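Rule-based calculations on the coordinates, nothing more; no lab input. Since the structure is predicted, the reported quantities are computational estimates derived from the model, not experimental observations. Cβ atoms come from the backbone with ideal geometry, glycine included; neighbour counts cover every protein chain shown.
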Amino acid sequence: MDKRAIILETADMVKEKLKNEGTGHDWYHIKRVWKTAQSIGEQEKANLFIIEMAALLHDLIDDKLVKDASIAAEEVEYWLEGAGVHSKDMESIISIIHSISFKGGGNRSSLSLEGQIVQDADRLDAIGAIGIGRCFSYAGSKGHVMFDPELSVREQMTEKEYREGKTSAIHHFYEKLLKLKDLMNTESGKQLAEDRHAFMEDFLVQFFEEWGE
Ligand code: ADP
Ligand code: NI
């Protein structure tokens, strides 16, 4: 199979697998990360085959999605072998999806350029209008409220609140989403993050205005 055919077959396989996914890692998340990573990869002149494959597979071994991440990882390897991916490419792809699925997403120095690009694309999907949507949808699925003025907001939560598991969708902006802009690895990622970050800040201003405190 040529590389384009491998990518398209992998996309079909992932789409089928994530059909009923309800934790914010549905197929359309993967599809957006795939397209964003591809576009950053073109600008950064990186290896597009590695990028596209890693973007498509990046959530398949996340322990939020699968019972046993090591079995899931074996399945991914089996898939890559079956598709005829060369062993060197396979190693690069597997290493990226391991670091990205790992809590915290691995740090920049442990990621190849291709890995940094997929990580940027994944993070970009957590900010901006889509990021806001995913945040409220995740909070709802966990039974968190959208906002609780009793909790210390506009700052990171206190240790005590954190331990007590008190949080809200709006809190997640301060815990994570507003920090992602400065964590971008690539120049193209940074540029894309600017607008999305500004949109979230505008959203919060309007949110608190309507909340009326
Ligand atoms: P990733 O796609 O990097 O694995 P996560 O699994 O941490 O990211 O999160 C998936 C989506 O759910 C993201 O958009 C993230 O911002 C959102 N999310 C994760 N944790 C929370 C939370 N505590 N409150 C609200 N949204 C969250
Ligand atoms: Ni993801």
Lysines whose Cα lies under 16 Å from that of residue 19, excluding same-chain neighbours fewer than 8 positions away: 31, 64
In nm, spacing of pseudo-spin labels at residue 207 and residue 74 (7 Å Cα→C-beta vector): 4.3 nm
Relative exposure of 3, 45, judged by other C-beta atoms within 10 Å (fewest first): 45, 3
Value of [θ]222 nm, deg cm²/dmol, for the chain, DSSP H segments ≥ 4, -39500 (n - 2.57) each, nearest 500: -20500 deg cm²/dmol
Flagged links, alpha-carbon separation over 30 Å, of 17/166; 45/181; 3/176; 35/166; 88/181; 45/67: 17/166; 3/176; 35/166; 88/181; 45/67
Pairwise centroid distance, computed over Cα atoms, of the range 129-146 with the range 66-82, Å: 29 Å
Global geometry of the range 9-99, whether rounded, prolate or oblate, following the gyration tensor of its Cα atoms and the 1.5 cut on a/c: oblate
Ranked 35, 166, 67, criterion: other C-beta atoms within 10 Å, fewest first: 67, 35, 166
With Cα atoms, 0 to 90° folded angle of helix 48-57 axis to the chain main axis: 60 degrees
Helix 113-124 vs. the chain, principal-axis angle (Cα, 0 to 90°, nearest 10): 40 degrees
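Give the residue list of chymotrypsin sites (Phe, Trp or Tyr not before Pro) in the range 26-135 that are DSSP loop and have at most 16 other beta-carbon atoms within 10 angstrom.
Taking the range 26-135 and a limit of 16 other Cβ atoms within 10 Å, the loop chymotrypsin sites (Phe, Trp or Tyr not before Pro) found are 102.
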Difference of contour (0.36 nm per residue) and Cα-Cα distance, residue 47 to residue 150: 32.2 nm
Acute angle (nearest 10 degrees) that the helix 69-83 long axis makes with the longest principal axis of the chain, alpha-carbon atoms: 40 degrees
Taking 68, 120 and counting other C-beta atoms within 10 Å, the order from fewest to most: 68, 120
Computed label-point distance, nm, for sites residue 81 and residue 1 using a 7 Å Cα→Cβ extension: 1.6 nm
Net length gained if the chain between residue 129 and residue 110 were fully extended (0.36 nm per residue, minus Cα distance): 3.9 nm
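Treating only the Cβ of Lys, Arg, Asp and Glu as charged (+1, +1, -1, -1), what charge dipole size does the range 41-140 show about its Cα centre? Round to the nearest 20 debye.
Values: 8 positive and 17 negative charges, 86 e Å.
That gives a dipole near 420 debye.
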